[in-house]
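Here's the structure we're looking at; comments come further down.
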Amino acid sequence: MQTTEINGFLIDNFNQYNLETGKKQGICPLCSHTRKPKNQKAKCASYDWERGLGTCHNCNTSFQLHTYQRKGASEKEYVRPVDKVEDYNITGDPEQKVVKWFKTRGISAQTLIDLQVGEGPEYMPQTGKTENTIKFNYFMGDQLINVKYRDGRKNFKLYKGAEKVFYNINSIVGYEYCIITEGEMDVLALHEAGIPNAISVPNGATLNSNNLDYLDNCIDYFEDKEKVILAVDSDEAGQALQAELVRRLGAEVCYLASFDDCKDANEYLIKYGKEKLSERITQARPVPLENVTTFKDIEDEVTDFVRNGFKKGYQVGLENFDNIFSTYTGQFITVTGIPSSGKSDFVDQMVVGYNRNYGWKTAFASPENAPTYLHAHKLMRKTWEGMPTSEDIHGDKWNNVSSHVNDNYFFIDMERYTLESVLRKGAELVKR
Ligand SMILES: [Zn+2]
């Protein structure tokens, strides 16, 4: 039986390159036809029909075996471009002016064909007239969702009112990782370098705009990604975009690629070539995780420790006891002793001491201290440093001590105490 979906993406065309279905090895749809006649039948590619991906060992590129329908839809209704893509597609004629221009940018005609890049006249508001433009077609599934027009002066516009999505989003289905860039030219550059699963934000990076509606519209495409490599510009706007993408996608899946002395992937391709560009992507480094410490972050504390040894921990304020015992947060302290030797009372004294010295609050889960009012009375006495009498009731000292006890000590009162339920209650109290 044929697979009908991969990672929740419905397959549209099961065999987009007409390869030998079910076979594990075969020709490469990307390079076989360009090879010497005797090599054209060579089985240079392996096909993984389960993942929907093929890999070629000759041209060192991977490719999708299927095409897919769009996954997820935006809630809003959008305008759809009426451009007839077929009429404007660049055919790859090397004499075509636009093909020559792309060649100066390191982009081959084949890449233009693969990505269905078009060329045609379009009114550009920046110049106030119709210009010859490059058309970057934004597909999701087989639907044309948006078009980015670029004229000879590097003016851009998107199709008015059309949905914003990532450029080339179809290309990442089936892959465990993908690359996010800042522009279509970078996507083309990476495709050229044998990395087909690269996408681009539709509107570059702009400062002060965290509106990533294109991410919302494509969010289903990232669910199965183990790695998202961010390859944005190193300028301030690019870094702001990067930070927002990390926040939205999660630091644990994000990796950062940089382009050395170049501002983006396309410039890097022109300067250093395909192999080096591809290496840049393989060498992407994980985003430094928040809440994770490296040695350099705490070197001062380490040197202090080497100089001075352990610092005293927290103490209860009883000199004899403090000389033999101190503690740190995050520790578990066991107090043992024979019955009725004053363990609970001593623990109360410790707690009151920590409260006095450091303001620590305490939650008790202490069934043996029932009834609770007697336990509260003990804590009141220790805070009072004496025994309140009936004359003291509702006097100033009484009011101060009782509100202090009220704000600092909590009595967990349960029918049945289990470790889980007590810890859960403790966690709730910590958030108060
Ligand atoms: Zn190949």
*Return yes when residue 89 is open to solvent by 20 Å² or more (accessible area, probe 1.4 Å), of a type outside the set (A, V, I, L, M) and assigned by TED's automatic domain parsing to the domain that holds residue 108 and no when it is not.*
yes
*For region 14-59, what are the residues that are open to solvent by less than 70 Å² (accessible area, probe 1.4 Å), at pLDDT 90 or above and more than 16 Å from the ligand (Cβ to nearest atom)?*
14, 15, 49, 52
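Conditions (1) in a loop (DSSP other than H, G, I, E, B); (2) within 18 Å of residue 192 (Cβ to Cβ), marked per residue:
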position	(1), (2)
77	yes, no
86	no, no
98	no, yes
103	no, yes
106	yes, yes
110	no, yes
132	no, no
*Which residue out of 175, 221, 214 is in a loop (DSSP other than H, G, I, E, B) and open to solvent by less than 20 Å² (accessible area, probe 1.4 Å)?*
175
*Might you let me know whether region 113-123 holds any residue that is within 15 Å of the ligand (Cβ to nearest atom), of a type in the set (Asp, Glu) and not in a loop (DSSP other than H, G, I, E, B)?*
yes
*Residues that are open to solvent by less than 40 Å² (accessible area, probe 1.4 Å) and either farther than 20 Å from residue 185 by Cα or touching a residue at least 40 places away in the same chain (Cβ under 8 Å) (or both), drawn from region 241-261*: 241, 244, 245, 246, 249, 250, 251, 253, 254, 257
*Go through (1) open to solvent by less than 40 Å² (accessible area, probe 1.4 Å); (2) on the phi < 0 side of the Ramachandran plot; (3) modelled with pLDDT under 90 and name the single condition residue 288 misses.*
(1)
*Pick out the one residue from 415, 391, 420 that is modelled with pLDDT of 90 or more, surrounded by fewer than 10 Cβ atoms within 10 Å (Cβ to Cβ) and either over 49 Å from the mean Cα position of the chain (by Cα) or not β-branched (Val, Ile, Thr) (or both).*
391
*Any residue at all in region 100-108 that is in contact (Cβ under 8 Å) with a residue 40 or more places away in the chain, assigned by TED's automatic domain parsing to the domain that holds residue 150 and within 16 Å of the ligand (Cβ to nearest atom)?*
yes
*Of all residues in region 137-165, how many are among the β-branched types (Val, Ile, Thr) and either at positive phi or out of contact with any helix residue (DSSP H, G or I) (no Cβ under 6 Å at 6 or more places or on another chain) (or both)?*
2
*asked:* I want to confirm something. Restricting to region 60-99 and keeping residues that are within 16 Å of the ligand (Cβ to nearest atom) and not polar (S, T, N, Q), which single residue is farthest from the chain's Cα centre (by Cα)?
replied: 65
_Count of residues meeting criterion [over 22 Å from residue 111 (Cβ atoms) and β-branched (Val, Ile, Thr)] in region 12-45_ = 1
*Residue list for region 269-299, filter: assigned to a helix (DSSP H, G or I), of a type in the set (A, V, I, L, M) and over 11 Å from residue 190 (Cα atoms)*: 270, 298
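The values are calculated or read from the model by the stated rules, or taken from the named source; none is laboratory data. The model shown is predicted, which means the values in this text are computed figures rather than measured ones. All Cβ positions, even for glycine, are placed from backbone atoms using ideal geometry, and neighbour counts span all protein chains on display. Ligands, DNA and RNA are excluded from the accessible area calculation, which covers all protein heavy atoms including side chains. Shrake-Rupley method; radii C 1.70, N 1.55, O 1.52, S 1.80 Å.
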